[in-house]
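For reference, the structure discussed in these notes is given below.
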Amino acid sequence: MKSNKIPISTEGLLQWKSWGDRDPLGDVLQRALQRPRIFKNRDVMRSDYVPDRLPHRDEHIRRLGEILAPALSLSRPSNVFVYGKTGTGKTAVIRYVFKRFGEAAGKEDLPLAFAYVNCRISGTEYKVLSELCEAIGVRVPFTGLSKAEVYNRLRRGLGEKGLLLVACFDEVDALVKSYGDDLLYDLTRINEGMEGGGLSIVGTSNDLHFKDYLDPRVLSSLSEEELVFHPYTATELIDILGERATLAFREGAVPQNVINLCAALAAAEHGDARRAIDLLRVAAEVAERSGEAVVEERHVRVAQSIIERGRIFEALSTLPLHSKLLLTSLLLLAKNGVNDPISGVIYQTYREVCGLIGVEPLTDRRVSTLISELDMLGVVKSDIVNMGRRGRTRKIMLLTPPGEVEEVVENDEVLSSILNYTPSITKNKMKNP
């Protein structure tokens, strides 16, 4: 009977053994299978984790609760707008209040629902509306309907179900800067003529100048109530990190001096609690990967450099869709030898890029505003140049290294498919003046 075993030569066995001796994953797997020496619950250090207690935000929780309280009597609460820089606890407070109110509504069997929509992640008006429909049990296909039809289904669903929906639009400025405030205007008017059910809005923005983008009619409806979140102080960050550390790490793994350092570094950088938590988490990961049982200050310094390297990628990855499309246009022009293009060339390429992915381009004026915002962020540099008899225009210089922009585009499911596109201006051998 013939054997099914595959014969291996002596030379082959030696090669296999040699490879096994230098297995690049061997020690990684061995450490991973061992009992963790630092972490006991990594989820606590995630950005979307909402703790049972939010230190130094009791007043904000109480104030938001008072504004939304009429919802438990099935009366539409006022719309409210929440301002504050990144990492000041806006999202955590809103999620916490929604959770508590949802539990109370469930116990009383009230026709009351809560929805949380991250406008930066949702990206489009269609997606935002479909998430609201999903929150009230109205089915909407992934694509294929007009925005007006999805809006009508939402309004009809609220009325037929007699459902009151309180919806949070987190980072709503990202949506408005990409698409204008038409959807926001429609949503603030959705209750007109509706006998049962309705919608109340909680909006948040990291941009303290966001009001400047809104039509006065939208602003008066949206900002019926306002909350402002101040940055955390170093002392407050120490309390926040201390509570997280108790839940996330094994006893004695993170000394107080490490917590103090993370808090001080984050406090010096606008009082960002999210940044402080990330810094402590990465420092713990650095220590654990090194096989150490205690986090030290040197691990924090290493973590700081790691986070700094990823900051540009994070900033570009979280830009609104049309800002990303502009950056992609600049990248495509640079890859095809058109450096420091003028605004007209960029707009032409931007329209082509929008067409490739089936997105309606913004007006020239709106694109000009987005370029100014990218300039303020330090991503590009915009200079006015005199074109003689042809007037004045803007010349745009990409300050961010093209390789870093390309990395962001490659990691975007929608934009990665157009990285090899050649803009028509380069096909026609047109040169930038």
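None of the figures in this text is laboratory data; all of them are computed from the coordinates on show. Everything numeric here is computed off the predicted structure, so don't read it as measured data. Cβ placement follows ideal geometry from the backbone for every residue including glycine, while neighbour counts extend to all protein chains displayed.
Summing -39500 (n - 2.57) over the DSSP H runs of n ≥ 4 in the chain and dividing by its residue number, what mean residue ellipticity at 222 nm do you reach, to the nearest 500 deg cm²/dmol?
On the way: 19 runs with 224 residues, N = 433.
Rounded to the nearest 500, the figure is -16000 deg cm²/dmol.
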How high is the relative contact order of region 171-276, in percent, counting Cα pairs under 8 Å that sit 6 or more residues apart? 26
Highest GNM mean-square fluctuation, the chain, Cα pairs closer than 10 Å: which of 384, 342, 306? 384
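Diagonalise the Cα gyration tensor of region 319-427 and give the resulting equivalent ellipsoid semi-axes, square root of 5 times each eigenvalue, largest first, whole Å. Provide the component values of the computation, followed by the final result.
On the way: eigenvalues 88, 44, 39 Å².
Result for region 319-427: semi-axes of 21, 15, 14 Å.
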What ranking, highest mean first, results for peptides 237-245, 144-152 when packing means the other Cβ atoms within 10 Å averaged over each residue? 237-245, 144-152
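Can you give the Rg to Rh ratio of region 58-228, both from alpha-carbon atoms, with Rh computed by the Kirkwood formula? Provide the component values of the computation, followed by the final result.
Working: Rg = 15.0 Å, Rh = 16.1 Å.
On the Cα set of region 58-228, Rg over Rh gives 0.93.
Among the listed pairs 85/335; 90/381; 335/381; 99/127; 147/211, which have their C-alpha atoms separated by more than 29 angstrom in this model?
Details: 85/335 35 Å; 90/381 32 Å; 335/381 18 Å; 99/127 23 Å; 147/211 24 Å.
Where the Cα-Cα span goes over 29 Å, the pairs concerned are 85/335; 90/381.
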Listed candidates [x] 25.1; [y] 23.8; [z] 21.6 - label of the one calculated as Kirkwood radius over Cα pairs in Å: [x]
Alpha-carbon centroid distance for the pair region 110-169 / region 246-296, whole angstrom: 39
Using DSSP, restrict attention to beta bridges with both residues in the chain and report what percent are antiparallel, rounded to the nearest 5. 30
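Please get the size of the charge dipole for region 73-140, origin at its Cα centre, with Cβ charges of +1 on Lys and Arg and -1 on Asp and Glu, quoted in debye to the nearest 20. Don't skip to the end; give the middle numbers.
On the way: 10 positive and 6 negative charges, 63 e Å.
Taking the Cα centre of region 73-140 as origin, the dipole is about 300 debye.
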